Amino acid sequence: MLQNLFDEAIKKAGSQENLSEILGIPQTRVSAFRNHKKSGRKPNDIIIGQLAEYLGINPIDTILLCKLE
């Protein structure tokens with residue numbers, strides 16, 4: 001779920017760098033969050049909510065689904 005969210009957001013933003021500017025976090029963190037299974041770093045609920053809003057989907061539902069992952 002998380003990787004798909006980041007993949008879709010990166011696609012919409014045009015690059016990881018653009019997405020990092022939109023979210024207000026470093027590009028390296030976007031990469032780590034996208035590859036959370038390898039990096040062990042998951043985004044907090046605020047970042048997940050921002051991603052969902054950016055993609056036009058329900059933030060609360062998205063946060064809950066990500067917690068189940």
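The values are calculated or read from the model by the stated rules, or taken from the named source; none is laboratory data. Not measured: the values here are computed from a predicted model. No Cβ is skipped: glycine too gets one built from the backbone with ideal geometry, and neighbour counts run over all protein chains shown. Heads up: the accessible areas ignore ligands, DNA and RNA and are worked out on the full protein's heavy atoms, side chains in. Shrake-Rupley method; radii C 1.70, N 1.55, O 1.52, S 1.80 Å.
Points worth noting:
- For the chain, the relative contact order comes to 31 percent (Cα pairs under 8 Å, sequence separation of at least 6).
- Dipole of the chain, positive direction: furthest Cα of Ile48, Phe33, Ile63, with charges on the beta-carbon: Phe33
- Rounded if a/c under 1.5, otherwise prolate or oblate - the chain, Cα gyration tensor axes: oblate
- Each stretch of four or more DSSP H residues adds -39500 (n - 2.57); spread over every residue of the chain, this sum gives -21500 deg cm²/dmol at 222 nm.
- Accessible surface calculations at 1.4 Å, restricted to protein heavy atoms, place the chain at 62 Å² per residue.
- Solvent-accessible area assigned to carbon and sulfur over the chain amounts to 51 percent, based on a 1.4 Å probe.
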